[in-house]
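Below is one structure, written out as structure tokens, with a few remarks after it.
Only the coordinates and a few stated rules stand behind these numbers; no lab work does. Being a predicted model, the structure only gives us computed values, none of them experimental. Neighbour counts are summed over all protein chains in view; Cβ atoms, including those assigned to glycine, are modelled from backbone coordinates with ideal geometry.
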Protein chains: 2
Amino acid sequence: MSSTVGSTGEASATRSETHVEVRALMQSLGRAAVAAAADLARASSAAKSRALGLAAAAIRRRSAAVLASNAEDMEQAQRRGLSAPLLDRLKLDGKRVEAMASGLDQIAALPDPIGTVAAHWERPNGLRISRVRVPLGVIGIIYESRPNVTADAGALCLKAGNASILRGGSESQRSNAVIHACLSEALLAADLPAAAIQLVPTSDRAAVGEMLGAMQEYIDVLVPRGGKSLVARVQQEARVPVIGHLEGNCHVYVDRDAELTMARSITLNSKMRRTGVCGAAETLLVDRGCAAAVLPTLIADLIAAGCEVRGDEGARAADPRVRAADEADWYAEYLDAIIALRLVDGVDGAIAHIARYGSAHTEAIVTANAATAERFLARVDSAIVLHNASTQFADGGEFGMGAEIGISTDRFHARGPVGVEQLTSYKYVVQGSGQVRP
Amino acid sequence: MSSTVGSTGEASATRSETHVEVRALMQSLGRAAVAAAADLARASSAAKSRALGLAAAAIRRRSAAVLASNAEDMEQAQRRGLSAPLLDRLKLDGKRVEAMASGLDQIAALPDPIGTVAAHWERPNGLRISRVRVPLGVIGIIYESRPNVTADAGALCLKAGNASILRGGSESQRSNAVIHACLSEALLAADLPAAAIQLVPTSDRAAVGEMLGAMQEYIDVLVPRGGKSLVARVQQEARVPVIGHLEGNCHVYVDRDAELTMARSITLNSKMRRTGVCGAAETLLVDRGCAAAVLPTLIADLIAAGCEVRGDEGARAADPRVRAADEADWYAEYLDAIIALRLVDGVDGAIAHIARYGSAHTEAIVTANAATAERFLARVDSAIVLHNASTQFADGGEFGMGAEIGISTDRFHARGPVGVEQLTSYKYVVQGSGQVRP
């Protein structure tokens, strides 16, 4: 600890001394994670499922303690003046605690990817080659606000045989600690190493810097979960591979060959079902060839549902309640009841708009024309492209992949929903009978 | 160009002025690559195969020019005092030029991964989901010495629909330029953008720094191909994802239940077939339980084949010609006719030795005991693990994957041989009939 005379702990330690302590702490977490990962790679599916089921039970049993610690976090956050959306993300109630527990049960019930043979073939010389799924190793998760990430992310990593180092936001430190205690208890009860899921016990920001840099020897992959600035910082500074999802500036394109009823329901659902999720539509593109016929109805639906509409001149001509959009609107990820609206020249106009302004997350076309749909699906370069379906299906659960850790907008390793399978690597197992290479 | 009075070009420009020029040059390569990648993503398989076939023909037709430029590179390299192994890597002859051309023909004949459906499933709500292979985008290749990488790497990237930016070693600049001219000519003849495969036209080392950093907006993935220090520098400094292969410190473990004949041929082939490849065995581990029976023969074989043997005490007791190994030998990737030899306590001793000293590349066990083999294959955490086969099978071609760009020792995205399929990403195509999310 600090050597300053009269020091009473961290608060009075000099910056560099604190940093030395944080580094030592993080290095010890790293070493413990690597050791745990070696055990986890060989852990049985039954042991992992058992730990997850026990963790769910522990969270239900200790829900009063979880809620009490969360109330303390909330009180502190209110004193610190956190914004209403951040407070909402931080807040737990009985329903959210139960959702967290049942999320763990669901992950327990997923098939175990580890050891499964993703491909198998035989060579002319008789060698039999299998590509077998193995864990990635140690996964660092850096997240903000939502305490449920502690349970979700730790559980997903565990299911895929990975050790995790969780670094939650300082505002949710107390809630995270109680949730993490439930996970630790369950790991031990299932005879798995407690270090399989570690929570960084300090809110010192230097810990994040350690995960991005000096811990590259221990951490195989980093997953940032949070706002744009957090994800961007991690992608910019990390010395280890990152699975990041940046923003979801998602588009719905209503083609001249769309059925109006379908266009209405898909537009409304894509935008308004939940406005705060990354798969929510942010821009509506309407084919100039059907604008006169569909625009008034689409705009009226949105406004009636409480959505602000910001449009180009064509959109404003269709309804005077549409406010003027500017260039920034085409780039915006509102995550709110606001939509940008633009007329485009057919499917190629939509493709060009999305290529220029989109974030390569999720885009939908509404059309009854198969050739037009095919062109859109092939040419729009996004993680998820949909024909005649809502962008709000951009979700690992809706894809049938079980829980997810986020939607990746990277092209490398994992793109789209990142579920258990995306948290694995593979190795080649080759069976021979004495073959040597000529 | 330089504004220094009396300057006669780059050589006398100040460092910062040169740097500005290199940056501008690299930015323009980056922009051209992104534009080419968009075209390539939609290029037909036929056009890509045609370009590759034409490139092979151009290399055969211009082989005299390729050899003449290579002779100039060799002359310069000899003057600069390059080592014999580097000179050997740089040197082209008629046979190597033909191998380069037929490599292009082979890549042309591979199946096109782009647009193939890697997985398809249907959801209870009727949504049909496909995971479709798409290119990664723009791939930067940084390599040394071997001019054939210009053809191999450019062709592999093209086959997978990626634009490539090739930065070869300054020592092979002239050879690379002629080979690249053959590729450019073929791209244009096949109606593909010439910028699909670009060669960095300067040997200024600042170009590498640009690829590692300032070009992150343009480059999706970097692939370093060369010595340990190059790969380590790229992995350390790159701001974009890297597919790297570090060293191959490969092991052969001869178990007490091995057949002696098989143990002899696999040991000899793993070490001596070619000593300079990353799949060559560097350490032989022999089960203490069979050492007396097999060691003298295994050592005599190796020494008779011209291999130096460096062993622990047990190995030296078996044959006085064995020199003493020290700790560094267990870590060494000799890439030469030298092998380290150690006695271990059964399969678990071998697993522990490999976990401690190995580079997670390729390891083989020789045993007739299925349970022992199973234990080794499951517990050794390397990209490739083999039972009763030579480590020299660590090769994309031998795996039936066609040409490869290297063997990845990373766990992320691609592990083991990196062929055409590993140079792709994917997207999800979702077909609906009006579904909205409840």
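Observations, loosely collected:
- Relative to the longest principal axis of the Cα atoms of chain A, helix A:15-41 runs at roughly 90 degrees.
- Taking B:Arg321, B:Arg80, B:Arg411 in turn, the Gaussian network model of chain B (Cα-Cα springs below 10 Å) assigns the largest fluctuation to B:Arg80.
- 0 to 90° range, to nearest 10: angle between helix A:260-272 axis and chain A longest Cα axis: 40 degrees
- Using alpha-carbon coordinates, inclination of helix B:45-61 to the longest axis of chain B, degrees: 80 degrees
- Approximating the spin labels as points 7 Å out from Cα along Cα→Cβ, the B:Arg31-to-A:Glu308 distance works out to 3.6 nm.
- Calculated [θ] (222 nm, deg cm²/dmol) that DSSP helices of n ≥ 4 give over chain A, each run adding -39,500 (n - 2.57): -13500 deg cm²/dmol
- Residues B:Met262, B:Met26, sorted so that the one with the fewest Cβ neighbours within 10 Å comes first: B:Met262, B:Met26
- Chain B residue nearest the rotation axis toward A, with distance: B:His413, 2 (Cβ to axis, whole Å).
- Amide hydrogen neighbours beyond the local backbone of A:Ser164, cut-off 5 Å, H modeled: A:Ile139, A:Ile197, A:Gln198
- Just checking the listed ones, B:Glu122, B:Glu98, B:Glu217: in the Gaussian network model of chain B with Cα springs under 10 Å, the one fluctuating most is B:Glu122.
- Highest-MSF residue in chain B out of B:Val20, B:Val234, B:Val344 [GNM, Cα springs under 10 Å]: B:Val20
- For B:Pro201, label point 7 Å along C-beta direction: distances to other copies, nm: 6.1
- Three-way shape call for the range A:265-371 based on the alpha-carbon gyration tensor, with the a/c threshold at 1.5: rounded
- Amide H to amide H distances under 5 Å link A:Tyr253 with A:Leu285, A:Ala364, A:Ile365, A:Val366, where only residues 5 or more positions off or on other chains count and H is placed in the peptide plane.
- Take the Cβ atoms of B:Ala24 and B:Leu188, set R0 to 22 Å, and the FRET efficiency comes out at 0.35.
- Amide H to amide H distances under 5 Å link A:Val344 with A:Val286, A:Asp287, A:Arg288, where only residues 5 or more positions off or on other chains count and H is placed in the peptide plane.
- Translational D in µm²/s for the range A:15-237 (Stokes-Einstein at 4 °C, 1.567 mPa s, Kirkwood Rh from C-alpha pairs): 71 µm²/s
- Packing-based exposure ordering (other Cβ within 10 Å, fewest first) of B:Trp330, A:Trp121: A:Trp121, B:Trp330
- Within chain A, the ratio Rg/Rh, alpha carbon atoms throughout and Rh by Kirkwood, equals 1.03.
- Overall form of the range A:123-262 per C-alpha gyration tensor (a/c, 1.5; a/b vs b/c): oblate
- For the residue pairs B:Lys91/B:Lys271; A:Lys91/A:Lys159; A:Lys159/B:Lys427; A:Lys271/B:Lys427; A:Lys427/B:Lys427; B:Lys48/B:Lys271, alpha carbon separations beyond 28 Å are given by B:Lys48/B:Lys271.
- Mean silhouette area of the protein assembly as shown, derived from the convex hull of its C-alpha atoms and averaged over all directions, reads 42.5 nm².
- With contacts taken as Cα pairs under 8 Å at a separation of at least 6 residues, chain B carries a relative contact order of 17 percent.
- Local electrostatic count at B:Leu268 - Lys and Arg +1, Asp and Glu -1, tallied over other residues with Cβ under 15 Å: +1
- Inter-copy spacing of A:Ala189 label points, which lie 7 Å from Cα along Cα→Cβ, given in nm from shortest upward: 7.1
- Summed side-chain charge close to B:Asn369 - residues other than B:Asn369 whose Cβ falls under 12 Å, Lys, Arg +1, Asp, Glu -1: -3
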